[in-house]
1. Mind listing just one residue for me: the one in the stretch 48-93 that is hydrophobic (A, V, I, L, M, F, W, C), surrounded by 10 or more Cβ atoms within 10 Å (Cβ to Cβ) and closer than 16 Å to residue 13 by Cα and, of those, modelled with the lowest pLDDT?
2. Does residue 11 meet the test of being surrounded by fewer than 11 Cβ atoms within 10 Å (Cβ to Cβ), out of contact with any Lys or Arg (no Cβ under 9 Å at 6 or more places or on another chain) and under 26 Å from residue 89 (Cβ atoms)?
3. Name the residues in the stretch 59-73 that are among the small types (Gly, Ala, Ser) and closer than 16 Å to residue 49 by Cα, would you?
4. Which one is farthest from residue 80 (Cα to Cα), of the residues in the stretch 1-41 that are in contact (Cβ under 8 Å) with a residue 24 or more places away in the chain and among the charged types (D, E, K, R)?
5. Can you find, within the stretch 14-36, the residue that is nearest to the chain's Cα centre (by Cα) among those that are over 17 Å from residue 56 (Cα atoms) and exposed (fewer than 11 other Cβ atoms within 10 Å of the Cβ)?
6. So if I check each of 74, 44, 64, which one is within 14 Å of the chain's Cα centre (by Cα), without any contact (Cβ under 8 Å) to a residue 40 or more places away in the chain, in a helix (DSSP H, G or I) and at negative phi?
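The values are calculated or read from the model by the stated rules, or taken from the named source; none is laboratory data. Computed from a predicted structure; not experimentally measured. Methodologically, a virtual Cβ is constructed for each residue, glycine included, from the backbone with ideal geometry; neighbour enumeration extends over all protein chains shown.
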Amino acid sequence: MHDMVLLGEAVERACRAADPEFLRINYEVLGNLWPHLHGHVIPRYRWEPDHLRVGQVALYGSDRDAPEHRLGARHDPLRAAISAAPQEVVAED
């Protein structure tokens, strides 16, 4: 869980810096379909539709898999910021 919180801090810092509409981080720990626990760290934004902003990201349905939402080179700066943030968080402790 500590690693998940550390990742959440990193994602929050990177997303808050990248988008002024950043709202919060949602954490999910699941284990019902896979035979082990696994976690999701999900940034949430004010621009999300109200009925989807408060629920699981799975509620977006197939829209999540649309081509315009796929990871690509445009996400490289965000990836770099998330990768650098854990060292910053640990250094602050």
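1. 89
2. Values: surrounded by fewer than 11 Cβ atoms within 10 Å (Cβ to Cβ): no; out of contact with any Lys or Arg (no Cβ under 9 Å at 6 or more places or on another chain): yes; under 26 Å from residue 89 (Cβ atoms): yes.
Judged against the criteria, residue 11 is not a match.
3. 61, 62
4. My answer is 28.
5. 20
6. The match here is 64.
Table: residues versus (1) farther than 16 Å from residue 78 by Cβ; (2) of a type outside the set (Gly, Ala, Ser); (3) out of contact with any His (no Cβ under 6 Å at 6 or more places or on another chain).
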residue: 3; (1), (2), (3): yes, yes, yes
residue: 8; (1), (2), (3): no, no, yes
residue: 12; (1), (2), (3): no, yes, yes
residue: 15; (1), (2), (3): no, yes, yes
residue: 24; (1), (2), (3): yes, yes, yes
residue: 31; (1), (2), (3): yes, no, yes
residue: 41; (1), (2), (3): no, yes, yes
residue: 45; (1), (2), (3): no, yes, yes
